[in-house]
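Shown next, in structure tokens, is the structure this report addresses.
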Amino acid sequence: MMTDLQPQHGGSSLAIRTLTAIVSTLVLAVTIIVVILDLPAGIIRSVQGPIASLQSVEVVPAEPDRTLVCMGAAISLSAQGASALSYGPASDVVAGLAPSLGALVATDLQDGFSLEETSSPDLPSIVSQPVEEGALAATSHQILDNPNVRGLAMAECSLPTTESWLVGGQTTIGRQTALSLSNPGEVSATVNVEIYGAQGLIESPLGQGILVAPGSQRVLSLAGLAPDEAAPVVRVTTNGAPIVASLHYSIVRGLDADGLAVITAQTQPSELRVIPGLYSPPEQVLGPLRGKDGYSDVVPLLRVLAPNSPATVTIRVLRPSLGDVTTLLELEAGEVGDLSLDELGSGDFGVVIESTQPVVAAVRVTVGNDLRTDTSWVGSSPAITGDSLFAVPDLSDMKVSIVNPHSTSVSVTLDGRETSIPGGSVIARPLSPGSHSLSSLEPVYAVVISRSDALLGHAHVLPTPAPQRSVFITPR
Amino acid sequence: MRASVDVILVVRQGGEHLSNTLRAIGNQSRPVGRLIVADTSADSTLRAQIKPALEEIRVEPEIIDVAYNTSWSEAVEEAMAHLFPEGQEIPESAWVWLLRDDITPHPSALEKLALSVEVATLVKVAGPKQHVASQPTMIREMGESITRFGERMPLAEREMDQAQYDRLSDVLAVGEAGMLVHAPTFDSLEGFDPALSLMDGSLDFCIRARLSGHRVVVVPRAIVDVENGLADWSLRKKLSSTRGHYLARKAWLYRRLVYAPVWALGPLVLVAIPWSLLTALFHLVRKHPDRTVSEVAAALGSVLEISAVIRARGVLSRSRTNSCAVVRALRLEPEDVSKRRGIRAQGNRAIREEKASSLLQPPAMPALAWLVGALTVVAGMIFGRWWGASALLGGGLLPVAGDFDELWNSARSIVPTQLGVDAPALPADSAHFIFAALGSLTWWSPSAAFVWLFVAAIPIAGFIAWWGFSQVLSKAWSTALVSALWALSPSFLIALGDGRVGAVIAHLALPWLFGAIVTAHLSWQRVGQASLALLVVTAMAPVLWPPIMVAVIVYAVITGFSQPVRMFGGFLPLVLGPALLLGLPRFFYWWGETGGRWWQNGGVLFADPGLGVSFTPATWWQIAGGWPSMDLLGSLGWDTGTFSSALGLVLVAAGVLLVLIALASLSVARPIVGVSFALLGSLGLLTATAASAMFSGYQGSHAVFVWQGSAVSLMTLGVLVGVGGTLDRTRFTDGLGKPARGVGQAITRVAGFAVVICSLVAPGVIGWAVWNGHALVQPMASSRTLPAIVAAEAINSPSAGTLIIEPAGEGYLVTLERGAGQTLLSTSSLVTGRSTTLTDRDEDLSRLGAMLVRPSAADPTELFSQYEIRFILVKEPPSGEASLNLSLRPELVSASSGESGQLWMVSDTVVIDDALEHPGPTGLQRLFLALLAVVLIVSIPTDRLSRGTSASRHEALPTLGEDTSDDD
């Protein structure tokens, strides 16, 4: 054994040593047994009881008023493209229980009627209504007929967002596209504009950091950001306040203004896009025009962009009586693809775009005759479920076109009348001016169309945003 | 004139002593007259007991029964009354010889005494030379004198009788044991003063005799053996030193009042108490805290006996015939007094050294220097990444912040302004007192002290551990080894890596506490040290309260058998008092908060101080291996797979090996080592397994439980004491310095190496984690937890609030901080552990949070000003939902933006910067400070505890060729 230092235990100390060794061993043994049985923690847990959980407070946010911003006066760019002009106010039709009307407070539009460079008095309207009053919708329209601009501008009033996709327009010769940015909020918005063209993303440093003051509208010429672009798609994002962005597109053929359209924002790219309201005029109308010089863009056209990654896009044109037409299109990432939708026959069609990657899309529709034409860009519609309202302006030949992209039929209630839309079909119903309601349990897609001989305008039917969910807050 | 001597024998109890005394009386070479036995034993069998002894002697005793509680002076008085009844004149030749049952006179004692009084008629009192009964060659007492101030001084110390005092004759006084006194004189002097029945009675009597013109002599050739002092004999037990001191002081003060001139009496009474307080302080400094109480009590007692003083002054003035000059000539001169005191101190020191030589202390140099140096290198290898950092943050580490004043204000109370601008103050955690003291070391920047502490923690731990272990170990190498193991133990390293300040400081202080407690019976200074160490440990790790209470009480009970008053009256209150007092305000608050259901809130009582850090508790066998938590392996991604299970086994195996070595200490080491190992190891293990179940509140959204690591440290301490004790017993050289070879040495070498290798694995793993940034603590360039702009604003308005919103699960966690953010001293375990019931403030914050993270029509301005919120910090990327919504608020200005957080400033919040209302110290806190001052005074090492060192001992005592092994 280990050798000891010096003898130091007598009889009594040996006894003490033995006793302490025995007691110590017992203490250790009992401890180990108690610990293996997990008694200490077990006793504490049972005495302590269940641990009080941290309480969360479920708060239902007091929803701010629902606010829609209308398109404002239709915009044309002056001949030099230096200034944006308006020619009088647009008219707004509102559908809602207790809407209140207002307007932005500033714009950098100039009054087209004035000879001086005076600021336009025609400010975009703001329609707001407390959330509890239910659905709210409004539609603006303006018919212009002057040497600079001619045609029908029609657009739904929209909710401000932080990201908008605007598909349509052109900045080639004779085609003007103005970008309108409206900020209805109380803080300024810093807007970044990215433009995708046929050759991909267009570098435009001027489009970065555009400041839009609270309650004001700013208008830019898209040609300034992307000159001579045949197929632009614009993505507008903001840091800070959400805004409403739109493109105002006007055509000048030769010396004559001939066509006006307002392109409203569509939602972020997704794999399914549905565009109702594709109208293909009869061949006898379109045929003579098509050959004329400068009229090459009267043919219906589909514009698709897969912004982030290459996509294979299946395009299905729903033709209720003629049968569907399906086409495949390969898209490079960020390069805008234009697809002519010629020779579809005549009628109100719907387009369903299914893609392997998220895309945005719109169609261009033209009506007219030898003397005058009018163009409209119809972007992909948001899905409508539940109850929604839409407002129909007092124009001739108003109708609503509703697309059911599903394979089964969907029952919708339009103004209280139940209507069944067969799977993969489009219905169109004429409408009287004023407020209308549309409700559906399954997602359907709808636009309001004003189409006469040489005037064409579209406005989307927007879904009623779901009320905010409650939020769980844990205070500590 | 031949004296007729009667004997007065006062009996406290019968038995062998009494018989011996009676036989000795019977065997006197000079026959005695009457033998009066004053029996106070109240023992009816006494007569039967002494019968055999009486049969041997010629004298027939006259036994008078006296009441059980009768004092010496009263018993003598009664015996005198029996000898010389009232009204009867006492013959001039009558002498009485005063004896007790514990006095055995030598046969010639009476003869020599009587002879000395017969030849000198002026001598009225004669005393014998007293020997110690158990050591018959030691002088017990031989004449007494007084100092200039009236303190009694024996003329002979308790020393070997070499006839060195045998020329003494005239003395100021003699002791009452075996005193031969002239009966008429005794009567005229009215006997012993009953107020001095326990102490100084004979001194007072002799002084009065001297003042009446009589002589007092000591007769060196008359020898009596005396068992006990008068006080011990009177009270029938051995008096404690404190009681003895009390009696001596009281008697001295009483006599001073009696002898003082009339004009001095008033002033003496007035200054008695203040003077005693001063003297008490002096005793405190001289490490005799026990005497502080007795000193004051004695002063009080003497003043309260003023009526006895007046009676005694009457007696003195009636009998007095001479001036004080008689006394003055016989009292001791100051230089004589100081010489005697010096000799006495030397003697005491020699006795202490004699006692201490059984405890061998390892020599500190050079092993301690090597230990600290090596640990510094290891610390650099593990935590070198932290060196030079201006701040360490993360885990439980927060900036200490604040200036000196704030430091000490927070040591008393916390104002939790995050609960509301006008929140009432809470008692601070005990730890804040220690934090404040630590922060004051670097008063210009309190955080710096904590950075330095963390950086230098390992060598400091080794240094303190050396001191602690060296109190029970005797070899330098084993002490150094266990100190190194202690400084590198996993619980300590994990606490450092997690920033658990409390656990780190508790680990540092535990060996200090251990070393101080195991030596507390030797010195009052060690009691003071133990008190300070216990204050630190329990403040830093309140979960150690129960095990330490048990350990301290067990220790007090074990050592209390030999010195109960010291251990239970001095040790326990002094050691536990300051820590208990410091913790009491928090305890009362906690008690009030529990609403009677204290058992559900025990975790809060024992909550760790500082910021709570949650952890995954270890299993019991990992704890037994020294690991409080295996989270670190998880953070390294090593918690799965064969490599990690192998690593985990190695890590735990090191601890298990230590436990096995420690188990051997139960059979081979000193009992104190074995008991410490078993007690601390068991208590630590039990507490550690219990701690992780103690819920102590929510830190943010994380439930916090009491950290096991502090208790694991306690267990490790026990195990290492055992390991050290085992290794200590191995001897590598024999008595001649030749290397010893044997199984024991081989086992020790192998075990030592295995322990060292295994214990380096844990530091390696933790060092790897620290260098790769996996530890919770991170070196930082600046000492703040909120963005710089908030910290800058806090300089001007320290109570500006910052609302912190962070995503948590499906919702958000909303918290409120003030100024530059949380600091170590603004944390409170009472706030962390507060009830989870929602308060108005919680609901307000929830509403405010909801209206900020979601679009809302509600106006937050009112809540901003109500809670004085100046900033909003959202801990999510800029694209998060809450960030986007905050950007829509016109009343908010974006102040800074980063990937980890977005800061907004509320433009128009008015912050009222009232100075925080810290209530002044409460009565309890004042009491604590007073007690702390006492403990500090006691703990200052004014005299070194004598310890032999094992090194010098070996040199001094070469055991030539002797085989000293007797352990077989």
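crowded, with 18+ Cβ neighbours inside 10 Å, of a type in the set (A, V, I, L, M, F, W, C) and modelled with pLDDT under 85 - does that describe any residue in region B:677-690? Taking every residue of region B:677-690 in turn, none turns out to be crowded, with 18+ Cβ neighbours inside 10 Å, of a type in the set (A, V, I, L, M, F, W, C) and modelled with pLDDT under 85.
Test B:I351 against the criterion of being over 30 Å from B:G213 (Cβ atoms) and either exposed (fewer than 12 other Cβ atoms within 10 Å of the Cβ) or touching a strand residue (DSSP E or B) at 6+ places or on another chain (Cβ under 7 Å) (or both), and give yes or no. So B:I351 passes the test. Based on this model, can you work out whether B:F205 counts as in contact (Cβ under 8 Å) with a residue 12 or more places away in the chain and in a loop (DSSP other than H, G, I, E, B)? In short, no. Of everything listed in (1) away from chain A (no Cβ under 14 Å); (2) part of a helix (DSSP H, G or I), the single unmet condition for B:P779 is (2). Residues in region B:295-345 that are among the basic types (K, R), loosely packed, with under 15 Cβ neighbours inside 10 Å and over 21 Å from B:W263 (Cβ atoms): 3 in all. Taken together, the residues in region B:1-17 that are assigned to a loop (DSSP other than H, G, I, E, B) and more than 19 Å from B:L115 (Cα to Cα) amount to 4.
Yes/no per residue for (1) touching an Asp or Glu at 6+ places or on another chain (Cβ under 9 Å); (2) of a type outside the set (D, E, K, R); (3) under 23 Å from A:D324 (Cβ atoms):
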{"position": "A:K399", "(1), (2), (3)": "yes, no, yes"}
{"position": "A:D415", "(1), (2), (3)": "no, no, no"}
{"position": "A:S420", "(1), (2), (3)": "no, yes, yes"}
{"position": "A:I427", "(1), (2), (3)": "yes, yes, yes"}
{"position": "A:S437", "(1), (2), (3)": "yes, yes, no"}
{"position": "A:A446", "(1), (2), (3)": "no, yes, yes"}
{"position": "A:S450", "(1), (2), (3)": "yes, yes, no"}
{"position": "A:A454", "(1), (2), (3)": "yes, yes, no"}
{"position": "A:S470", "(1), (2), (3)": "yes, yes, no"}
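Can you pull out every residue in region B:496-533 that is closer than 30 Å to B:P779 by Cα, modelled with pLDDT under 90 and of a type in the set (G, A, S)? Listed by number, the residues that qualify are B:G497, B:G499. Filtering region B:9-54 to residues that are more than 10 Å from B:R100 (Cα to Cα) and of a type in the set (S, T, Y) leaves B:S19, B:S29, B:T40, B:S41, B:S44, B:T45. Within region B:853-895, the set of residues being at the interface with another protein chain (Cβ under 9 Å from one of its Cβ atoms), of a type in the set (D, E, K, R) and under 16 Å from B:L813 (Cα atoms) comprises B:R854 only.
Only a single criterion out of (1) loosely packed, with under 12 Cβ neighbours inside 10 Å; (2) modelled with pLDDT under 75 is not satisfied by B:G923, namely (2).
Listed here are the residues, each with its yes/no results for (1) within 30 Å of B:L838 (Cα to Cα); (2) buried (at least 20 other Cβ atoms within 10 Å of the Cβ); (3) out of contact with any Lys or Arg (no Cβ under 6 Å at 6 or more places or on another chain); (4) within 14 Å of chain B (Cβ to nearest Cβ).
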site	(1), (2), (3), (4)
A:S56	yes, yes, yes, yes
A:V60	yes, no, yes, yes
A:I75	no, yes, yes, no
A:A82	no, no, yes, no
A:A98	no, no, yes, no
A:A106	no, no, yes, no
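For region A:62-102, a residue qualifies if it is closer than 22 Å to A:D387 by Cα and assigned to a loop (DSSP other than H, G, I, E, B), and the qualifying residues are A:A62, A:E63, A:P64, A:D65, A:C70, A:L97, A:A98, A:P99. One residue stands out among those in region A:130-176 that are assigned to a loop (DSSP other than H, G, I, E, B) and of a type in the set (S, T, N, Q): the one that is nearest to the chain's Cα centre (by Cα), which is A:T162.
Given the criteria crowded, with 24+ Cβ neighbours inside 10 Å, over 16 Å from B:V518 (Cβ atoms), out of contact with any His (no Cβ under 7 Å at 6 or more places or on another chain) and among the hydrophobic types (A, V, I, L, M, F, W, C), does B:A533 qualify? No: the conditions fail for B:A533. Within region B:236-267, the set of residues being part of a helix (DSSP H, G or I) and surrounded by fewer than 17 Cβ atoms within 10 Å (Cβ to Cβ) comprises B:S241, B:V262, B:W263, B:A264, B:G266, B:P267.
Which residues, counting only those in region B:821-847, are surrounded by 20 or more Cβ atoms within 10 Å (Cβ to Cβ), within 12 Å of chain A (Cβ to nearest Cβ), touching a Phe, Trp or Tyr at 6+ places or on another chain (Cβ under 8 Å) and more than 18 Å from B:A703 (Cα to Cα)? Matches in region B:821-847: B:L845 only.
Restricted to region B:439-484, and to residues that are assigned to a loop (DSSP other than H, G, I, E, B) and out of contact with any Lys or Arg (no Cβ under 8 Å at 6 or more places or on another chain), which residue is surrounded by the fewest Cβ atoms within 10 Å (Cβ to Cβ)? Checked region B:439-484; the qualifying residue surrounded by the fewest Cβ atoms within 10 Å (Cβ to Cβ) is B:W444. The set of residues in region B:665-717 being at the interface with chain A (Cβ under 7 Å from one of its Cβ atoms), out of contact with any strand residue (DSSP E or B) (no Cβ under 9 Å at 6 or more places or on another chain) and either within 14 Å of A:V35 (Cα to Cα) or among the β-branched types (V, I, T) (or both) consists of B:V668, B:V675, B:G681, B:S682, B:L685, B:L686, B:A690.
For A:G386, the test of being touching a residue at least 40 places away in the same chain (Cβ under 8 Å), small (G, A, S), part of a strand (DSSP E or B) and surrounded by fewer than 20 Cβ atoms within 10 Å (Cβ to Cβ) is passed.
On the stretch given as region A:443-456, residues that are at pLDDT below 90 and either within 22 Å of the chain's Cα centre (by Cα) or assigned to a strand (DSSP E or B) (or both) total 1. Could you list, ordered by first residue, the pairs with Cβ atoms under 8 Å in which the first is in region A:240-267 and farther than 22 Å from B:G880 by Cα and the second is β-branched (V, I, T) and part of a loop (DSSP other than H, G, I, E, B), at least 6 apart or interchain? Matching pairs, first to second residue: A:S250/A:V149; A:A257/A:V149; A:L260/A:V149. Filtering region B:420-438 to residues that are surrounded by 23 or more Cβ atoms within 10 Å (Cβ to Cβ) and outside any helix (DSSP H, G or I) leaves B:P427, B:A428, B:D429. For region A:396-413, a residue qualifies if it is surrounded by fewer than 20 Cβ atoms within 10 Å (Cβ to Cβ) and more than 19 Å from A:L272 (Cβ to Cβ), and the qualifying residues are A:S396, A:D397, A:K399, A:S411, A:T413. Answer yes if at least one residue in region A:196-207 is surrounded by 23 or more Cβ atoms within 10 Å (Cβ to Cβ), without any contact (Cβ under 8 Å) to a residue 60 or more places away in the chain and part of a strand (DSSP E or B), and no otherwise. No, region A:196-207 has no match at all.
Can you name the residue in region A:208-241 that is part of a strand (DSSP E or B) and of a type in the set (S, T, N, Q) and, of all such residues, is surrounded by the most Cβ atoms within 10 Å (Cβ to Cβ)? Going through the qualifying residues, I end up with A:Q217. If you filter region B:18-42 down to residues that are in a loop (DSSP other than H, G, I, E, B) and free of Cβ contacts under 8 Å to residues at least 40 places away in the same chain, you find that the one that is surrounded by the most Cβ atoms within 10 Å (Cβ to Cβ) is B:T40.
The values are calculated or read from the model by the stated rules, or taken from the named source; none is laboratory data. Keep in mind the model is a prediction, meaning the values are calculated, not measured. Ideal geometry is used to build each Cβ from the backbone, glycine not excepted, and the neighbour counts take in all protein chains shown.
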